[in-house]
Amino acid sequence: MVALLSKKRALRSVMVFAGAALIIILALLAVPPATASAAEAVTTCNPTSSNACVNGILQDSSKQAIAGVQVTLGGEESATTTTDSSGKWAFSVTADGEYTVSLPSDVMKNHGLKSDKATVTVKKGDFSKARQVVRFDEAQESDGAQESDGAQSGSSASPESSDTKASTQVSSGQEESAFSNFMSRFWQQLFSGVIFGLMLGLMSVGMNLVYGTTKLSSFSHGEQVSLGGLMAYVGTQILHWPLVLSAILAVAVGAATGLLQNELVWKPLRRRHIGPMQQMIVTIGLSMALQYVFQFFFGGDVKGITTSVPQGFQMGPITTDFTTLMLAGIALVVIIAFTLFLYGTRLGRATRAVSDNPALASASGINVEQVVRVVWIISTALAALSGVLIGIYLNGIAWNTGALMLLLMFSAVTLGGLGTANGALVGSLVIGVVADMSSLVIPDDMRYVSALAILIVVLLIRPQGIFGKQQRVG
């Protein structure tokens with residue numbers, strides 16, 4: 001009778017958590033259906049996951065700004081703008097391809113520019129940010145007539161003093177512009193790092209929960225992220241369902257795979273007393289198998305969950321959009337709900353007890369196998385939800401997206417403390433911010449190297465992580 005009541009209470013807790021997760025997913029309904037937009041003329045352009053930039057500063061042959069000139073963008077998207085007082089102009093574009101930037105032909109003749117037209121190729125890439133800078137200020141070779149006209153102008157300043165003054169002004173302006181651009185990128189990258197850290201935290205808490213209860217480091221957890229994003233793609237682009245129903249499908253499939261994995265693979269291995277190391281090797285094989293299954297059915301290209309781009313807006317020095325803020329809010333609310341589940345429900349307390357000492361928890365009357373089953377369901381459901389969010393945030397999901405995120409998840413849970421409740425979230429925020437901020441000083445393609453460097457440093461200095469407890473070995 002006591003066991004029956006315990007099972008009913010556990011089932012009630014699972015239903016409460018599932019209901020809360022469903023309510024959070026329904027918040028996706030608040031995300032407006034974005035429509036595809038043409039290129040937009042902006043004052044300052046900051047590249048994000050949803051837009052790239054084509055911009056520049058229009059200067060004459062003596063490096064002086066040319067203001068009030070019409071600049072026309074043509075190609076995949078088109079727009080027109082006018083240079084400001086400092087010669088700056090910028091376009092925000094949302095489609096990859098070749099773009100042509102052109103000026104009125106008389107501007108080239110009047111200001112000694114090399115050309116009045118330039119072609120650039122914009123490629124945002126899978127997870128990168130792109131900015132194309134166009135310059136027209138390469139001076140033409142001056143002829144004798146121009147020098148004669150200059151001599152007859154009656155200027156009292158010598159050419160040397162004039163050049164020195166112009167050089168000083170240009171140098172000061174360039175330093176100010178460089179500092180302004182750096183600070184703009186600083187705040188933009190910090191914002192992007194926090195957003196990415198929240199989504200990485202949603203991926204990592206499930207992995208940390210599995211390790212805490214089973215001591216298994218699952219290398220196939222990244223594929224649960226890919227599965228969630230791909231199921232959302234199936235729902236929106238193949239079945240033509242609304243985004244919210246597609247997200248529910250992705251989370252349900254993710255939770256079902258967690259239950260099947262536990263019942264068909266991990267539970268039999270635990271009964272045979274197979275150690276965590278051998279089980280970890282199984283997860284590596286499972287990860288490889290799932291990747292090739294995804295590639296076989298969905299191909300090697302990036303699949304877009306949504307086919308439209310939201311309209312961006314400025315928040316101080318930061319460029320963002322409503323969809324990004326909504327995705328970050330959903331991730332944060334789900335993480336908070338998960339924390340409340342761990343600390344405020346009977347099943348959550350039982351989960352923490354199993355994580356601390358499975359033998360003692362079993363002796364206290366806790367059904368360890370039931371707790372582990374629930375942990376697998378919740379962890380894979382959270383991973384699937386994170387796949388949906390990251391797929392929308394990055395404008396696409398691929399067969400190996402989860403594999404690319406896997407080392408970052410391991411870095412986050414190691415930094416926060418393996419098996420700790422809140423360690424994965426804190427570690428994910430640190431890793432996300434450091435990874436995005438490092439692109440200020442190193443190439444964007446190498447930004448994940450800094451996160452892995454943190455992993456090495458943490459293992460050398462504090463192996464148990466920020467919130468982990470030091471354990472005696474031997």
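The values are calculated or read from the model by the stated rules, or taken from the named source; none is laboratory data. These numbers come from a predicted model, not from an experiment. All Cβ positions, even for glycine, are placed from backbone atoms using ideal geometry, and neighbour counts span all protein chains on display.
For segment 315-339, filtered to residues that are buried (at least 20 other Cβ atoms within 10 Å of the Cβ) and more than 16 Å from Leu389 (Cα to Cα), the residue that is nearest to the chain's Cα centre (by Cα) is Thr319. Screening Ala90 on (1) modelled with pLDDT of 55 or more; (2) among the small types (Gly, Ala, Ser); (3) out of contact with any Ser or Thr (no Cβ under 8 Å at 6 or more places or on another chain) shows it passes everything except condition (3). Taken over segment 74-116, the residue count meeting the criterion of being in a strand (DSSP E or B) and within 20 Å of Ala52 (Cα to Cα) is 18. Within segment 368-387, the set of residues being closer than 16 Å to Val210 by Cα and of a type outside the set (Val, Ile, Thr) comprises Glu369, Gln370, Arg373, Trp376, Ser379, Ala381, Leu382, Ala383, Ala384.
Scanning segment 291-307 for residues that are of a type in the set (S, T, N, Q) and surrounded by 13 or more Cβ atoms within 10 Å (Cβ to Cβ) yields Gln291, Gln295, Thr306. The residue that is nearest to Arg352 (Cα to Cα), among those in segment 421-437 that are more than 14 Å from the chain's Cα centre (by Cα) and surrounded by fewer than 24 Cβ atoms within 10 Å (Cβ to Cβ), is Ala421.
Selection within segment 351-398: residues that are surrounded by 24 or more Cβ atoms within 10 Å (Cβ to Cβ) and among the polar types (S, T, N, Q). The member of this set that is nearest to the chain's Cα centre (by Cα) is Ser386.
Scanning segment 409-432 for residues that are modelled with pLDDT under 90, under 18 Å from Gly222 (Cβ atoms) and among the polar types (S, T, N, Q) yields Ser411, Thr414. Criterion applied to Gly432, Gly465, Gly391, Gly416 was being of a type in the set (Gly, Ala, Ser) and in contact with a strand residue (DSSP E or B) (Cβ under 9 Å, 6 or more places away or on another chain), and the one residue passing it is Gly391.
Of the numbered criteria (1) more than 25 Å from the chain's Cα centre (by Cα); (2) surrounded by fewer than 15 Cβ atoms within 10 Å (Cβ to Cβ); (3) at negative phi, the one Met288 fails is (1). Of the residues examined, Gly312 is one that is surrounded by 15 or more Cβ atoms within 10 Å (Cβ to Cβ) and either in contact with a His (Cβ under 9 Å, 6 or more places away or on another chain) or touching a residue at least 60 places away in the same chain (Cβ under 8 Å) (or both). No other residue among Val244, Val302, Val251 is in contact with a strand residue (DSSP E or B) (Cβ under 8 Å, 6 or more places away or on another chain), touching a residue at least 40 places away in the same chain (Cβ under 8 Å), under 24 Å from Thr401 (Cβ atoms) and of a type in the set (A, V, I, L, M) apart from Val302.
Condition check ((1) within 30 Å of Val372 (Cβ to Cβ); (2) at pLDDT 90 or above; (3) buried (at least 23 other Cβ atoms within 10 Å of the Cβ)) across all residues:
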site: Gly144; (1), (2), (3): no, no, no
site: Asp149; (1), (2), (3): no, no, no
site: Ala166; (1), (2), (3): no, no, no
site: Ser180; (1), (2), (3): no, no, no
site: Phe186; (1), (2), (3): no, no, no
site: Met203; (1), (2), (3): yes, yes, yes
site: Phe219; (1), (2), (3): yes, yes, no
site: Leu227; (1), (2), (3): yes, yes, yes
site: Met231; (1), (2), (3): yes, yes, yes
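Considering (1) surrounded by fewer than 20 Cβ atoms within 10 Å (Cβ to Cβ); (2) within 18 Å of Val375 (Cβ to Cβ), the lone condition that Ile281 does not fulfil carries the number (2).
Taking each residue of segment 98-115 that is on the phi > 0 side of the Ramachandran plot and surrounded by 14 or more Cβ atoms within 10 Å (Cβ to Cβ) and looking for partners that are at pLDDT below 75 and hydrophobic (A, V, I, L, M, F, W, C) with beta-carbon atoms closer than 7 Å, six or more apart or interchain, yields Gly112/Ala139.
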